[in-house]
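**Student:** Pasting in a structure now, in structure tokens, and then I'll have a few things to ask.
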Amino acid sequence: MANDSDNKSSKLHPSDALMKVPSFGPLEEADCSLCGSEACSPLVVQHWFAEDFVVVRCDSCGMIRTNPRPTSEWKTRFYDPAFNGLSEKMGREFIYAPEPDRLPSYRRLLRLIMSRVSPGSRLLDVGAASCVFTGMARDAGFDAVACDYSDDALAYGREHYQVPTIQSPAENIDTEDASFDVVTIFHTIEHLPDPLAVLKELHRILKPGGMIFIETPNYLPHSLIQTKFQFLWPIYKWLTKREHGLPWVPFDHYYHWTPRHIRKALQQVGFEEARPEHILGYRSNTKPNLVFWVAYVGYDCLAQLIHWFTLGRWDLRLVLLASGRKAS
Ligand SMILES: [Zn+2]
């Protein structure tokens, strides 16, 4: 197991200084959501917010998860400005308020969806947070509804984007069976404690022939740099100036998806045509400087070539986009 050397001095980690309490609470052990297996092997340890988080690989199916992981009480305190100074440091109303530089990527994502689903269709944006994407989908002609467990986030969305909202946990959405033509779930599935249960729920609320679009970080490159290709770590560190290990985000991401596992999960709950998607240079506008931008786009082009030449076997693209269709 790799123990990120930069993290050994836990008291010096910047995230510790943001905490207004000594701990957000105890962590909990959890079995693999995909296969139900308890057995797992440690991959890396990272120190964040006064905890040594262990990222593990399932011995049975290979899915990567944080274990033990934050409880719902831990996460509640993590998101509460009374306990965590993160949102103050970021200068936002709440942690996931929209960043304007994400808008060009959302437009490209919307074009991808519109190439598969007719505008005018009923769209549910799950994990909508500030509802910025829901608002863009509505403006593009979709009958778009935002869903989130956070009423604060939805109140922001109603005020700023005037979209209809459903306040529900993603595992139990307050809507009838087969009531939407398309479901989007962007940068949410990695935060959920039981993603398979959520995918089953999204399958339930889709109409026959309806489509799901997922976006989440692709953790296959992280996994390879951590294990087989450790010589790449200094290059990555130089480019990103990242001092505290690869961005596993183990305090906030319960599951660390790879293309193989997202496809397997979609198929497991009954989706057909589960497949990876790609938008070349996607999210490149969010990069902090020209050197990083060139490296990012260059890497994305190289990863796309590797994907083509290996007939999809090696998918090292940084953003994991996937879609699936409910049987007609
Ligand atoms: Zn498993």
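The values are calculated or read from the model by the stated rules, or taken from the named source; none is laboratory data. This structure is a prediction, so every number in the text was calculated from the model and none was measured. When we count neighbours, we look across all protein chains shown, and the Cβ atoms used for this are built from the backbone with ideal geometry, even at glycine.
**Student:** Looking for something surrounded by 11 or more Cβ atoms within 10 Å (Cβ to Cβ), modelled with pLDDT of 85 or more and in a helix (DSSP H, G or I) - is there at least one such residue anywhere in region 310-324?
**Tutor:** No, because not a single residue in region 310-324 is surrounded by 11 or more Cβ atoms within 10 Å (Cβ to Cβ), modelled with pLDDT of 85 or more and in a helix (DSSP H, G or I).
**Student:** Still on this model: For region 245-269, which positions are assigned to a loop (DSSP other than H, G, I, E, B) and loosely packed, with under 15 Cβ neighbours inside 10 Å?
**Tutor:** If we filter region 245-269 for residues that are assigned to a loop (DSSP other than H, G, I, E, B), which is where we start, we get 245-254, 257-258, 269.
Across region 245-269, the qualifying residue is only 247.
**Student:** Can you tell me how many residues within region 36-50 are under 16 Å from residue 244 (Cα atoms) and outside any strand (DSSP E or B)?
**Tutor:** First pass over region 36-50, keeping only residues under 16 Å from residue 244 (Cα atoms): 43-50.
Cutting the leftovers down to outside any strand (DSSP E or B) gives us 49-50.
Number of matching residues: 2.
**Student:** So, one more: So, in region 16-30, exactly how many residues are under 22 Å from residue 199 (Cβ atoms) and either in the same structural domain as residue 266 (by TED's automatic domain parsing) or surrounded by fewer than 16 Cβ atoms within 10 Å (Cβ to Cβ) (or both)?
**Tutor:** As a first pass, look at region 16-30 and keep what is under 22 Å from residue 199 (Cβ atoms): 28, 30.
When the remaining residues are screened for being either in the same structural domain as residue 266 (by TED's automatic domain parsing) or surrounded by fewer than 16 Cβ atoms within 10 Å (Cβ to Cβ) (or both), the result is 28.
Adding up the residues that qualify gives 1.
**Student:** Now for a different question. Checking residue 234 against (1) under 19 Å from the mean Cα position of the chain (by Cα); (2) exposed (fewer than 15 other Cβ atoms within 10 Å of the Cβ), only one condition comes out false. Which one?
**Tutor:** (1)
**Student:** If I filter region 22-56 down to residues being more than 16 Å from the ligand (Cβ to nearest atom) and of a type in the set (A, V, I, L, M), which single residue comes out as nearest to residue 217 (Cα to Cα)? Even if it seems obvious, please write down each step before you answer.
**Tutor:** If we filter region 22-56 for residues that are more than 16 Å from the ligand (Cβ to nearest atom), which is where we start, we get 22-28, 44-53.
Next cut, of a type in the set (A, V, I, L, M) only: 27, 44-45, 50.
Numbers: 27: 23, 44: 17, 45: 19, 50: 24 Å.
Looking at residues that are more than 16 Å from the ligand (Cβ to nearest atom) and of a type in the set (A, V, I, L, M), I get 44.
**Student:** Anything in region 167-218 that is over 16 Å from the mean Cα position of the chain (by Cα) and closer than 20 Å to residue 108 by Cα? List them, or say none.
**Tutor:** 181, 182, 211
**Student:** Would region 57-70 turn up any residue that is near the ligand (Cβ under 10 Å from one of its atoms), in a loop (DSSP other than H, G, I, E, B), aliphatic (A, V, I, L, M) and modelled with pLDDT of 95 or more?
**Tutor:** Of the residues in region 57-70, the ones near the ligand (Cβ under 10 Å from one of its atoms) are 57-65.
Cutting the leftovers down to in a loop (DSSP other than H, G, I, E, B) gives us 59-63.
Going one step further and asking which of them are aliphatic (A, V, I, L, M), we end up with 63.
Next, from what is left, pick out any that are modelled with pLDDT of 95 or more: 63.
Checked region 57-70: at least one residue is near the ligand (Cβ under 10 Å from one of its atoms), in a loop (DSSP other than H, G, I, E, B), aliphatic (A, V, I, L, M) and modelled with pLDDT of 95 or more.
**Student:** I need a count of the residues in region 98-128 that are touching a residue at least 40 places away in the same chain (Cβ under 8 Å) and on the phi > 0 side of the Ramachandran plot.
**Tutor:** 1
**Student:** Run down 154, 202 and say which single residue is assigned by TED's automatic domain parsing to the domain that holds residue 264, buried (at least 23 other Cβ atoms within 10 Å of the Cβ) and farther than 30 Å from residue 36 by Cα. Give the derivation first.
**Tutor:** On the way: 202 fails: farther than 30 Å from residue 36 by Cα.
Going through 154, 202 in turn, the sole match is 154.
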